[in-house]
Amino acid sequence: MVRIKEAIVVEGKYDKNTVSQIIDTLIIETRGFNIFSNIERLDMLRKIAEKRGLIILTDSDYAGFLIRNHLKGAINPKYIKQAYIPDILGKERRKTAPSSEGKLGVEGMSPEIIIKALEKAGATFEGDSRANGISGKILKADLYILGLTGYTGRVEQRKKLLKILCLAEHLSTNA
């Protein structure tokens, strides 16, 4: 089991169960869209973020990005790190049918993928010699220089890059 300093926010109880088998830290559920109306839970997340930092780890589907963006707007961004899981088609074992977008959520990810997502987000691993996160940030200006934004018809190129980097297809240039 890997221990990290930051708390992790996930969408639901099955995501929490999966992550808690891999990562030793405080894991909080948003309970899906309940986070939009649950002011107490949002206040609690703000306090935890200020105290130890917060990593948002939601599904890579539309609903996951809605929740992620709500949290991003409600909590001071200097306390938040974003962990993204890749788009992998399939269905979780407990479900009879795949999700509406046909993608696996956090609960369907392997331990290696979750740890890699946390590493890319810059999680602070305790008692571990691994590097903590990526050494430098990619800026929008970098994307412009590489011809991946600011020009017409670049959406498909960015989608190809996201796929190569194993990042979610809904990831915006700002993210």
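Residue count for the range 100-157, restricted to those that are within 21 Å of ALA83 (Cα to Cα) and either of a type in the set (Gly, Ala, Ser) or at pLDDT 75 or above (or both): 32. Of the residues contained in the range 75-89, none is found to be crowded, with 21+ Cβ neighbours inside 10 Å, in a helix (DSSP H, G or I) and in contact (Cβ under 8 Å) with a residue 12 or more places away in the chain.
Applying a threshold of 7 Å to beta carbon distances and a minimum spacing of six or more residues, or different chains, the list of pairs starting in the range 24-44 at a residue that is of a type in the set (Asp, Glu) and ending at one that is assigned to a strand (DSSP E or B) reads ASP24/VAL2; ASP24/ARG3; GLU29/VAL10. As for the range 103-115, it holds no residue that is touching a residue at least 60 places away in the same chain (Cβ under 8 Å), under 27 Å from LEU165 (Cβ atoms), assigned to a strand (DSSP E or B) and open to solvent by less than 10 Å² (accessible area, probe 1.4 Å). Does any residue of the range 23-35 turn out to be surrounded by fewer than 17 Cβ atoms within 10 Å (Cβ to Cβ), closer than 21 Å to GLY127 by Cα and touching a helix residue (DSSP H, G or I) at 6+ places or on another chain (Cβ under 9 Å)? Checked the range 23-35: at least one residue is surrounded by fewer than 17 Cβ atoms within 10 Å (Cβ to Cβ), closer than 21 Å to GLY127 by Cα and touching a helix residue (DSSP H, G or I) at 6+ places or on another chain (Cβ under 9 Å).
The values are calculated or read from the model by the stated rules, or taken from the named source; none is laboratory data. Note that the structure is predicted; figures quoted are calculated from it, not measured. All Cβ positions, even for glycine, are placed from backbone atoms using ideal geometry, and neighbour counts span all protein chains on display. Heads up: the accessible areas ignore ligands, DNA and RNA and are worked out on the full protein's heavy atoms, side chains in. Shrake-Rupley method; radii C 1.70, N 1.55, O 1.52, S 1.80 Å.
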